[in-house]
Amino acid sequence: MLSVVVPVYNEEDNVAPLVGEIVAALRGRPAGQGGDFEIVYVDDCSTDGTLARLQALKAEVPELRVVRHLKQGRQSTAIRNGVKAARGTWIATLDGDGQNDPADIPKLIAERAKAAPDVKLFAGWRVNRMDSGSKRWASKWANAIRSRMLRDATPDTGCGIKLFEREAFLDLPHFDHMHRYLPALMQRAGWKTVSVPVNHRHRSAGVSKYNNLNRALVGISDLRGVAWLIKRGKVAPTEELP
């Protein structure tokens, strides 16, 4: 089974359209290509009508499950809790703002089908970003600095659409904003990662929960922490003796 995990906070007008697109992208496909799927939304204490919209959609979309935070945990925690609740062995993630295109999920699955078994993460790569000029500029510099420090050979770690193995993800160290460093963390654990060009769209409703300043402030601290984890990490393959 494939589990599609979507973290949300105050995205009431984006919920129904995105759920509909996920269903359209996956329902009716063969099981090995995403047809056997569930959708796990994680509401991070929204203060608008997001939770009510999700509860109403459950009657129409049998694949939909809803997890609600009792205390706000932010995006990385919402993703982790969604993965922990998921029943699938592989997880696809999407941002709840609708800028990721669910039609790209089958593309990531197709990449997995032809990849080596030790590739555990297929990361979306927004080759044509539809954000503001200032956000694209900030992201360009942040990616350049991150790549230089972590050497993760990944052009775009901030893209919300990803496909990864559930077990490998849950074995990673968890911290706030860790979802932005998944390629480096997967590589630290001894796995390989692949970047896949994907579509990117304008936000059609709601407002962004981040700005360039708060991204930069947390990014500096996070980079130092992840670099330390990589430096101190050790991978020792094992085998069980007969």
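One table, with the values for the structure above:
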item: Failed condition for MET1, given (1) free of Cβ contacts under 8 Å to residues at least 40 places away in the same chain; (2) surrounded by fewer than 21 Cβ atoms within 10 Å (Cβ to Cβ); (3) touching an Asp or Glu at 6+ places or on another chain (Cβ under 6 Å); result: (1)
item: The one condition in (1) touching a Pro at 6+ places or on another chain (Cβ under 6 Å); (2) assigned to a loop (DSSP other than H, G, I, E, B) that ALA25 fails to fulfil; result: (2)
item: The range 35-70, subset under 11 Å from VAL8 (Cβ atoms) and of a type in the set (Ser, Thr, Tyr), residue surrounded by the fewest Cβ atoms within 10 Å (Cβ to Cβ); result: SER46
item: Output for the range 91-117, where each listed residue is β-branched (Val, Ile, Thr) and in contact with a strand residue (DSSP E or B) (Cβ under 6 Å, 6 or more places away or on another chain); result: ILE91, THR93, ILE105
item: Failed condition for PHE37, given (1) of a type in the set (A, V, I, L, M, F, W, C); (2) under 25 Å from ASP176 (Cα atoms); (3) in contact (Cβ under 8 Å) with a residue 40 or more places away in the chain; (4) in contact with a helix residue (DSSP H, G or I) (Cβ under 8 Å, 6 or more places away or on another chain); result: (2)
item: Scan of the range 38-73 for residues that are in a helix (DSSP H, G or I) and either among the β-branched types (Val, Ile, Thr) or at pLDDT below 95 (or both), ordered by number; result: THR50
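The values are calculated or read from the model by the stated rules, or taken from the named source; none is laboratory data. Model, not experiment: these values are computed from the prediction. Here the Cβ is made from the backbone with ideal geometry for all residues, glycine too, and neighbour counts use every protein chain on show.
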